[in-house]
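A short worksheet on the structure shown next.
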Amino acid sequence: MQEPLLGAEGRDYDTFPEKPPPSPGERTRVGVLQNKRVFLATFAAVLGNFSFGYALVYTSPVIPALEHSSDPNLNLTKTQASWFGSVFTLGAAAGGLSAMVLNDLLGRKLSIMFSAVPSAAGYALMAGAHGLWMLLLGRMLTGFAGGLTAACIPPGPACVLSRDWVGCVLQVYVSEIAPPSVRGALGATPQLMAVFGSLSLYALGLLLPWRWLAVAGEGPVLVMVLLLSCMPNSPRFLLSKGRDAEALQALAWLRGPDADTRWEFEQIQDTVRRQSSHLSWAEARDPHMYRPIVIALLMRFLQQLTGITPILVYLQSIFDSTAVLLPPKVDAAIVGAVRLLSVLIAALTMDLAGRKALLFVSAAGMFAANLTLGLYVHFGPKSLAPNSSMGLGREALAGTEQPLATPTSYLTLVPLLATMLFIMGYAMGWGPITWLLMSEILPLRARGVASGLCVLVSWLTAFALTKSFLLVTNAFGLQAPFFFFAAVCLVNLAFTGCCVPETKGRSLEQIESFFRTGRRSFLH
């Protein structure tokens, strides 16, 4: 039977297999061609992560603008602003759960493309909003699209460093199309693109009014759909559906016409067969199954309780409510740039130190940052900004004897520096390592269900925290949530010391034996 011609480079395509082995130079050219195709497909997919990061922090510059809106239908109260900020996470939770069905029904590529529909509709609703319901519906739709995309594409650089890549990003598009030689580098791109999307929103917030920020969000969505329409489905998905010939064609296109894909094709077939069995309820009650699942769930829960989501969602409002040296919009953009730099550094250095050591340092840094922010708000100077009356902690500041800030006081750099420390601490430990440990400690057969539970717990916790942030701040002052986040970081330190195993340098077999027997000698 004639071999697939997908990937042929023109009239000189040679259908005869008899030819001498390629020279080193020819192999290099084949590798470059192969990587270009994979890079293009990856770029098309991770544009969804860019939109996710952009949509997540959309409220940061928009809530302050709407709090001062002259339109009574759009002038947000604190309760309305809390819904506008938090409803995104409910949409993301629904999108993540939907992905568990759509990934198997449509495939990873079509699921990512499908996310463009709610995303485009959500941005259109917010851009043309004439009432609160349009803002909330648009926000929820972009959250649904973001949750769906995040479930179809690896969530961060943690999986890059895992020794079990396939298990870590089981059934996701980028991992399924990338060859091993570039899989690590490509695995870092989803979180980098998400963080770059957030930075782009902060930067555009310096230039554009809030409606045009929503219009700008449509651009990456359109480009993503156009590019993905030219990309193949993942070979793993096609094999899982019994479409072997299409899977081989897709693999040949991704690897190039001169690449020997037979061995890789057989490996994918074997993996698909091994992953077809499901976890039974009797197995789930075994301690070696549920113990790592409980640890992973608690890590996702505690990760969100550090305050990362409400801080990102209300970043500009937080700076609006404190005495800061620079304009709040500029402070937010600086923090976005620091976040991008921190993620880059974390992706390059994470595997140089032990997991527990990085978790300890990360929690300690976030504790210091949150405590500093709380103390500064409580004891520091009050804001002199003209819009401070709409600040998050106005009631708590009323009647206090706090000194007024002067525009040139270097003390007013404290909020910016503390927030930068928090973002760096999160990026170096509790942000990515929770995903890395999931890939290392979760049993293979339980990984799909457990990962879905972890995502659900994470987003629901983020919703509860983001929804209550403005209300707690309005009632008790801006310092209250930061003191709470600082206390959670102390809990994280204790949890790391008591419950988290050190997995660096350990094989997956050693880690599984540890949970089966409880003998720490397996990890030494």
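The values are calculated or read from the model by the stated rules, or taken from the named source; none is laboratory data. What you see is a predicted model; the values in this text were computed from it and never measured. Glycine also receives a Cβ, built like all others from the backbone with ideal geometry; neighbour counts cover every protein chain displayed. Note: areas computed on protein heavy atoms with side chains; ligands, DNA, RNA excluded. Shrake-Rupley method; radii C 1.70, N 1.55, O 1.52, S 1.80 Å.
Condition check: within 26 Å of the chain's Cα centre (by Cα) and at pLDDT 85 or above. Does L344 satisfy that?
Numbers: within 26 Å of the chain's Cα centre (by Cα): yes; at pLDDT 85 or above: no.
So L344 does not fit the description; no.
So, A94, is that one closer than 18 Å to K467 by Cβ, open to solvent by 20 Å² or more (accessible area, probe 1.4 Å) and not hydroxyl-bearing (S, T, Y) or not?
It is true that A94 is closer than 18 Å to K467 by Cβ, open to solvent by 20 Å² or more (accessible area, probe 1.4 Å) and not hydroxyl-bearing (S, T, Y).
Only one residue in M438, M428, M424 is closer than 25 Å to G374 by Cβ and at pLDDT below 90. Which one?
Of the residues listed, the single one that is closer than 25 Å to G374 by Cβ and at pLDDT below 90 is M428.
Can you tell me which of (1) over 23 Å from A92 (Cβ atoms); (2) touching a Ser or Thr at 6+ places or on another chain (Cβ under 9 Å); (3) at pLDDT 85 or above is the one P481 doesn't meet?
Exception for P481: condition (1).
If a residue has to be crowded, with 17+ Cβ neighbours inside 10 Å, among the aliphatic types (A, V, I, L, M) and closer than 16 Å to T149 by Cα to count, how many in segment 187-238 make the cut?
So the count comes out to 9.
Checking G138 against (1) in contact (Cβ under 8 Å) with a residue 24 or more places away in the chain; (2) open to solvent by 40 Å² or more (accessible area, probe 1.4 Å), only one condition comes out false. Which one?
Only one criterion is unmet by G138, namely (2).
Give me the helices (runs of 4 or more DSSP H) completely within segment 298-380, filtered to those with at least 2 residues that are under 21 Å from F483 (Cα atoms), small (G, A, S) and in contact (Cβ under 8 Å) with a residue 24 or more places away in the chain, ordered by residue number.
355-379
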